[in-house]
Amino acid sequence: MDTPVSNEAEISTERQEYYKRIRGHSCSPLWEHLEYLVTAEPVITSVPHRWNYSEIREDLLHSANLISAAEAERRVLMLENPALEGNSSITESMFAGLQLIMPGEVAPAHRHSPAALRFIIEGSGGYTSVNGEKTFMEPGDFIITPSMTWHDHGNEGKDPVVWMDGLDLPLVRHIGAVFLERYADEQFPEGPPPGDSLNRYGSNMRPVGEMPDNLNSPIFSYPYAKSRETLENLRKSSEWDPYHGLKLEYIDPTTGGPAMATISTFLQLLPKGFKTETWQTTENTVYSVIEGTGRIIVNVGDEEQTFEWQKQDIIVVPCWYPHRIEADDEAVLFSFSDKTVQTKLGLHRERRGNA
Ligand code: 1HN
């Protein structure tokens, strides 16, 4: 982000000449920039926004008439933050998009250093193969493809399949550590049978002698049927958190840490009529609505902006915007954020209420 410099008119000719001279040595005076560089509170460019799925859906499906999944490599409509147009980013740190795969199509195998998640929005019979393990996907399922894992996608069903992609790409690009490799064949060779990783690691047990990756979950798929049932079971014995309702984090069962090294992921239940308290966090969050209707109310400066949501909508709330959520019907929200990156760097901060 560009940082404004003090008004040139206010800078003496002597100083201006000096600044020009040192620019020739690739030097610049910090004292002219300091107040814009280090601010009392976060100052960011991205803004809160909602994508209404029913408004986008037709255009998304139309993309299949224009380009095949194979030609596109990934047929994705990027969800660009309105304040970051041209940056391929939904927030300063994260990417989000809607990917479409039509019956019979294959999105060819590749792997890259940015990590990706899929959250299924509509359609049955779609699959992602991660290092050769095929995972069939249903709406609400959450799939991970950690950094440098081979993955290809397909659709063996009868209907279009759409999912939300979430990646740490802007963050990785910022550091410069982007790598991509394409696999020689369209699909990565079939490996373990479907469901193998969940069978191996998803029952609070693990095969002795196996030493899994300790940055990413060895489970590739977190089926909605299972996580929804967990929310349903827990509501009976849990207090509603005033800021989150009932909110669970997807974890790597071998460490208890987040499912992925760079992206935190959550599933949250809000009962009918629930209104959260106002919450402020440095994490940049993208919400995807699975069930229910309601609104997110965000404080932007002195104004309140209201984003009504319904099933399949996507809402972004960037860093440090105070916000609260209201559910009209019982609601379930999936969300992903850069919280784990911030936590690992000792930067994560939150404020509850108006204190
Ligand atoms: C990518 O490889 C996928 O593998 C989806 O499905 C979205 C966005 C940016 C860069 C690579 C995929 C992507 C992506």
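Let me know the shape class of region 47-174, please: from the alpha-carbon gyration tensor, a ≥ b ≥ c as square roots of the eigenvalues, rounded when a/c is under 1.5, otherwise prolate if a/b is greater than b/c, or oblate.
Taking the square roots of the gyration eigenvalues as a ≥ b ≥ c, region 47-174 is oblate.
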Seminar exercise, completed: Hits in region 121-156: amide N under 17 Å from the 7 Å Cα→Cβ extension of residue 233, namely none
Seminar exercise, completed: Put in order of increasing Cβ neighbours within 10 Å, starting from the fewest, 151, 110 give 110, 151
Problem set entry | GNM top mover of 45, 135, 281 - the chain, alpha-carbon springs below 10 Å | 45
Problem set entry | Degrees separating the helix 13-23 axis from the principal Cα axis of the chain, which is the longest one | 40 degrees
Problem set entry | ³J(HN,Hα) computed for each position of region 30-45 - Karplus, 6.51 cos²θ - 1.76 cosθ + 1.60, integer Hz, glycine/proline x | 4, 4, 7, 10, 3, 5, 8, 7, 10, 9, 4, 9, x, 10, 10, 8
For this session: Give me the net charge of residue 105's neighbourhood, meaning all other residues with Cβ under 14 Å from the Cβ of residue 105; Lys, Arg count +1, Asp, Glu -1.
Result: -3
For this session: May I ask you to evaluate 6.51 cos²θ - 1.76 cosθ + 1.60, the Karplus curve with θ = phi - 60°, for each residue of region 139-151 and list the ³J(HN,Hα) values in order in whole Hz, giving x for glycine and proline?
Result: x, x, 6, 10, 10, 10, 10, x, 3, 6, 8, 5, 8
Problem set entry | GNM flexibility winner over the chain from 13, 276, 262 (Cα, springs under 10 Å) | 13
For this session: Could you please report the charge total around residue 312, scoring K, R as +1 and D, E as -1 over all other residues with beta-carbon less than 9 angstrom from its beta-carbon?
Result: 0
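Taking a ≥ b ≥ c as the square roots of the eigenvalues of the Cα gyration tensor of region 217-286, is the shape rounded (a/c under 1.5), prolate (a/b larger than b/c) or oblate?
Working: a/c = 2.31, a/b = 1.29, b/c = 1.79.
Oblate shape, in that a/c is at least 1.5 and b/c is the bigger or equal ratio.
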Exercise. How about residue 226: which lysines have a C-alpha closer than 30 Å to its C-alpha, ignoring those fewer than 8 places off in the same chain?
Worked result: 134, 158, 236, 247, 272, 275, 311, 339, 344
Seminar exercise, completed: Phi angles of region 185-199, converted by Karplus (6.51 cos²θ - 1.76 cosθ + 1.60, θ = phi - 60°) into ³J(HN,Hα) in whole Hz with x for Gly and Pro, give 9, 4, 10, 6, x, 5, x, x, x, x, x, 4, 5, 5, 5
Exercise. Among 62, 348, what is the fewest-to-most ranking by other Cβ atoms within 10 Å?
Worked result: 62, 348
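Order these by the 10 Å Cβ neighbour count, fewest first: 338, 159, 252.
Details: 338 25, 159 13, 252 22.
The order, fewest Cβ neighbours first, is 159, 252, 338.
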For this session: Pop a pseudo-label 7 angstrom from the Cα along the beta-carbon direction at both residue 329 and residue 204 and give the gap in nm to one decimal.
Result: 3.4 nm
Problem set entry | Three-way shape label, the chain, alpha-carbon gyration tensor, a/c 1.5 | prolate
For this session: Pick out which of 65, 233, 155 has the largest mean-square fluctuation in a Gaussian network model of the chain, springs linking Cα atoms closer than 10 Å.
Result: 65
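Looking at the chain, send over the antiparallel percent of its DSSP beta bridges, to the nearest 5. The partial results should precede the final answer.
On the way: 81 of 81 bridges.
Of those bridges, close to 100 percent are antiparallel.
Relative contact order of region 248-355, please, whole-number percent, based on alpha carbon pairs below 8 angstrom and at least 6 residues apart. Don't skip to the answer; put the middle values down first.
Numbers: 263 pairs, mean separation 40.8, N = 108.
Over region 248-355, the number comes to 38 percent.
Within the set of other residues whose C-beta is less than 10 Å from the C-beta of residue 277, count the net charge using Lys and Arg as +1 and Asp and Glu as -1.
Numbers: positive: 275, 324, 352; negative: 241.
Residues close to residue 277 contribute a combined charge of +2.
At a Förster distance of 41 Å, what's the computed FRET efficiency of residue 305 paired with residue 74, Cβ-Cβ distance as r, to 0.05? Before the final figure, lay out each step's value.
Numbers: r = 31 Å, r/R0 = 0.77.
Plugging the Cβ-Cβ distance into 1/(1 + (r/R0)^6) gives 0.85.
A short reminder: the numbers here are calculations on the coordinates, not readings from a lab. This one's a predicted model, so the numbers in the text were calculated from it and none came from an experiment. FYI the Cβ positions are ideal-geometry reconstructions off the backbone, even for glycines, and counts take in every protein chain you see.
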